[in-house]
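Below is one structure; the comments refer to it alone.
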Ligand code: URA
């Protein structure tokens, strides 16, 4: 169990506890902290900043617990790093998806706010992700993702014995028309809670599948997404040090990016 000060205030949130090892491998030093159920945590140093990482498990309910507990011990910047299934035909597997917002099909966030409340990412952290992806030369898209409460029927995949119903038949084509980029399962919960509590949140995922072209690549882009996430948290933490913890303007972000 973690207490105040045990983990840095800037935290990467993978879904999978196994990804903590991959995150640690991108840091110059790293230390495991705790492991209970789906929640595995570590802290370490990326270049010159201290970062934390905590796995959320799959879906909104376990993710909401992680946000609640981490916010209580001083975490104020949450950056989901995960995988996603693209639903637009022109997104190649391996592309990084930076979520500017999320459709709230996650279920859990409905226990925090009515459905019309937007699940929006923090603008400065999203800009920091875009800047980092640009500088690293990785292929990325920015837009809205859809966070679902289930992987199969909620993402328009057939259930057991081909089970489907009107929602599973129409969800994917409807979201495509609305220019939603992809399905995943945690961003809406993170964004909704972060906005309600006045915390910062962002999301970058590797598109490991394309549901239209039926292409699949196991974990392609995940390491790249982690590196972009590390860089984005570094930009934000430097801006916080210089200007205080707040939503940063472009010139504030630019001043810390330019100084290296
Ligand atoms: N994660 C999801 O939730 N859906 C996918 O298709 C791939 C990753």
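None of the figures in this text is laboratory data; all of them are computed from the coordinates on show. Everything quoted here is computed from the prediction, not taken from an experiment. In this analysis, Cβ positions are derived from the backbone assuming ideal geometry, glycine residues included, and neighbour counts consider all displayed protein chains.
Work out the FRET efficiency for residue 152 and residue 196 from their Cβ-Cβ distance, taking R0 = 30 Å, and round it to the nearest 0.05.
0.55
Quick check on packing: order 212-223, 147-158, 235-246 by the mean number of other C-beta atoms within 10 Å, highest mean leading.
Highest to lowest by the protection proxy: 147-158, 235-246, 212-223.
Most exposed first by the Cβ proxy, i.e. fewest other Cβ within 10 Å, how do 233, 160, 136 rank?
Starting with the residue having the fewest Cβ neighbours, the order is 160, 136, 233.
Quote the Stokes-Einstein diffusion coefficient, in whole µm² s⁻¹, for region 128-260, based on the Kirkwood radius over alpha carbon pairs, a temperature of 10 °C and a viscosity of 1.306 mPa s.
Value of D from the Cα-based Kirkwood radius: 93 µm²/s.
To the nearest 10 degrees, how steeply does helix 60-72 sit against the main Cα axis of the chain, on a 0 to 90 scale?
In the chain, helix 60-72 runs at an angle near 20 degrees to the longest axis.
With r defined as the distance between the Cβ atoms of residue 135 and residue 90 and R0 fixed at 30 Å, what FRET efficiency is calculated, to the nearest 0.05? Please list the in-between numbers first.
Values: r = 23 Å, r/R0 = 0.78.
In this case the efficiency is close to 0.80.
Please give the calculated 222 nm ellipticity per residue for the chain, where each DSSP H segment of at least 4 residues contributes -39500 (n - 2.57) and the sum is spread over every residue; nearest 500 deg cm²/dmol? Write down the numbers at each step before the final one.
Working: 7 runs with 88 residues, N = 260.
Dividing the helical sum by the residues of the chain leaves -10500 deg cm²/dmol.
How do the peptides 36-49, 75-88, 18-31 rank, highest first, by the average count of neighbouring beta carbon atoms within 10 Å per residue?
75-88, 36-49, 18-31
Ignoring solvent entirely, what values of log10 I(q)/I(0) come out of the Debye formula for region 21-157 at 0.10, 0.22 Å⁻¹ when each Cα is a single scatterer?
-0.39, -1.64
As an exercise, find the ratio Rg/Rh for region 192-248 from alpha-carbon atoms, using the Kirkwood inverse-distance average for Rh. Don't jump to the answer; show the numbers that get you there.
Values: Rg = 15.6 Å, Rh = 13.7 Å.
Rounded to two decimals, Rg/Rh equals 1.14.
If you look at just the Cα atoms of region 133-193, how large are its Rg and its Dmax in Å?
14.2, 47
Can you order the peptides 51-57, 67-73, 119-125, 168-174 by their average number of other Cβ atoms within 10 Å per residue, highest first?
51-57, 119-125, 67-73, 168-174
Quick check: Cα centre of region 89-109 to Cα centre of region 34-63, how many Å?
First find each Cα centre; the distance between them is then 20 Å.
Could you give the distance between the Cα centres of region 161-236 and region 1-20, to the whole Å?
Between the Cα centre of region 161-236 and that of region 1-20, the gap is 20 Å.
Could you tell me what a quarter of the Cα convex hull surface of the chain works out to, in nm² with one decimal place?
One quarter of the hull surface, i.e. the mean projection, equals 13.4 nm².
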